[in-house]
Amino acid sequence: MQGKIALEEHFAMEGTVHDSAGFAPAEDWVELKARLLDIHDRRLAEMDAHGIEMMLLSLNAPAVQALSDRNRAVDLSRRANDFLAEQVARRPDRFQGLAALPMQDPDAAARELDRCASALGFRGALVNGFSELAGTDHALYYDRKEFWPFWSEVERLGVPFYLHPRNPLAKDAAIYEGHRWLLGPTWAFGQETAVHALRLMGCGLFDAHPRLQIILGHMGEGLPYSMWRVDNHNKWMRTQNAYPARRKIADYFRENFYITTSGNFRTQALIDAMLEIGADRILFSTDWPFENIDHAADWFDTAAISEGDRLKIGRDNARALFGLGDASIQSAAEQKTSSVAMEETRELLVRNRRA
Ligand code: GRE
Ligand code: ZN
């Protein structure tokens, strides 16, 4: 399929790239590092070769979320977002931005999101799971009351929030002791992020802010497969799940969440997700540079789904969600063409003047 849009696609800066080093064996780190630091060369060539028209870019993980110093988190977010805005400005027809946010300071995070959405033209935010903060010995999950004013601002701005994985803190990772292979994308990322998402659903956040839209990667981090059981276990017992939210968990999942195909290129899992959340809430993504673009695209382009669903998942749902209408992609492409035309005109004028 041509014209795909992909939205869990990461880059790094020199100051953040080492956060990803632990996720590649030494012999693959050189490659992963080069992939993370590149935007306009190999990445664009891979996009061209595999029918990806547009990538929404985001900073690597955990980056900002792992800075326990509030001011450093604010500073890194701002620098990363400014850097990303410059990259997007070079190819707005192929790249758009998702903001990094200093959630350690919810007010500052709200202000930074406003700046990114309003002044930099970013399409939303991507946050790498819970945040660490000096003076607290626990992970800060965003269902906590101090984040509700932040969520109110996200809803007001009308931009999606991508909840991206990170590993649990060492003190919360006892279950992985002696089994470090389960950390990261193998299992811990999904478990960590799924529980965080369930906390958001159960806390009542979406009753207060029904227009919020959260995106989960990796085909929903296992949630589509488990959604029925979350709401329907031990049905004969007189008391069901006790949580502050008013509705069934699945209702929030279907109305306040989108999921992407990032790093989960499996038709069986996609079809389960289509049956649980619906093709209108699934978005193509690759998870470059941690996954290969060809692995994602070759699978997706031939997966046994209808062509109508392929178009929705591959492009149209993302266009609608992020306001990347035909018009905005086209006008960016036209801008490019017209700037090329202008450049040619300028060259002609210079040549004529010399002649
Ligand atoms: C990611 O951010 O998507 C990621 C990592 C590390 C390993 C795999 C992966 O940060 O997908
Ligand atoms: Zn990712």
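Computed from the coordinates by the stated procedures, all read-outs in this text should not be read as laboratory data. Bear in mind the structure is a predicted one, so any value in this text is a computation, not a measurement. FYI the Cβ positions are ideal-geometry reconstructions off the backbone, even for glycines, and counts take in every protein chain you see.
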Rounded to whole Å, give me the distance from the Cα center of the range 105-173 to that of the range 41-75. 16 Å
Where a ≥ b ≥ c are root eigenvalues of the Cα gyration tensor, a/c under 1.5 meaning rounded, otherwise prolate if a/b exceeds b/c and oblate otherwise, the range 137-223 counts as prolate
Restricting to Cα pairs under 8 Å and 6 or more apart, the percent relative contact order of the range 194-294 works out to 34 percent
For the chain the mean separation of alpha carbon contacts under 8 Å (6+ apart) over residue count, i.e. relative contact order in percent, is 17 percent
On Cα atoms only, tilt of 293-302 relative to the major axis of the chain in degrees: 80 degrees
Rounded, prolate or oblate for the range 252-329? Axes are the square roots of the Cα gyration tensor eigenvalues, ordered a ≥ b ≥ c, and the cut-off for rounded is a/c under 1.5. rounded
HN-Hα J in Hz across the range 124-138 - Karplus 6.51, -1.76, 1.60, θ = phi - 60°, x for Gly and Pro: x, 10, 10, 10, 8, x, 4, 10, 9, 8, 4, x, 10, 9, 10
When only C-alpha pairs under 8 Å and at least 6 residues apart count, what is the relative contact order of the range 3-127, in percent? 26 percent
Using packing as a proxy for protection, rank 20-27, 204-211 so that the peptide with the highest average count of other Cβ atoms within 10 Å comes first. 204-211, 20-27
If one takes the longest principal axis of the Cα atoms in the chain, at what angle in degrees, from 0 to 90 and to the nearest 10, does the Cα axis of helix 267-276 lie? 70 degrees
Which of the lysines could a cross-linker bridge to residue 235, judged by Cα under 16 Å and excluding same-chain residues fewer than eight apart? 248
What are the ³J(HN,Hα) couplings of the range 164-179, residue after residue, when phi is run through the Karplus curve with 6.51, -1.76, 1.60 and θ = phi - 60°? Round to Hz, x for glycine and proline. 9, x, 8, 7, x, 4, 3, 5, 9, 10, 4, 5, 9, 4, x, 9
Listed peptides 133-141, 119-127 by packing density, highest first (mean Cβ within 10 Å): 119-127, 133-141
Tell me, what HN-Hα J-couplings in whole Hz come from the Karplus equation 6.51 cos²θ - 1.76 cosθ + 1.60 at θ = phi - 60° for each residue of the range 71-84, using x for Gly and Pro? 5, 5, 5, 5, 5, 5, 4, 4, 5, 5, 5, 5, 4, 5
Where does each of 254-262, 84-92 land if you order them by average Cβ count within 10 Å, highest first? 254-262, 84-92
Considering only 162, 142, 225, give the residue with the highest GNM mean-square fluctuation for the chain, with springs between Cα atoms whenever their separation is below 10 Å. 225
Whole-Å distance, taken between Cα centres, linking the range 212-231 and the range 246-323: 12 Å
Taking amide H positions as placed 1.01 Å from N in the peptide plane, with prolines and chain starts having none, which residues 5 or more places from residue 258, or on another chain, fall under 5 Å of its amide H? 214, 215, 216
Once you list every other residue whose beta carbon is under 15 Å from the beta carbon of residue 244, what net charge do they have if Lys and Arg are +1 and Asp and Glu are -1? +3
Tell me, 132, 112 in order of fewest to most beta-carbon neighbours within 10 Å? 132, 112
So what is the calculated 222 nm ellipticity per residue for the chain, using -39500 (n - 2.57) for each DSSP H run with n of 4 or more, over all residues, to the nearest 500 deg cm²/dmol? -14000 deg cm²/dmol
Test of understanding: ordering 64, 230 by Cβ neighbours within 10 Å, fewest first, what list do you get? 230, 64
Quick one: dipole size for the chain, taken about the Cα centre, charges +1 on Lys/Arg Cβ and -1 on Asp/Glu Cβ, in debye to the nearest 20. 720 debye
Please list the non-local residues whose amide H lies under 5 Å from the amide H of residue 57, H modeled 1.01 Å from N, same-chain partners needing a gap of 5 or more. 96, 97, 98
The ratio Rg/Rh over the Cα atoms of the chain, Rh being the Kirkwood inverse mean 1/r radius, stands at 0.99
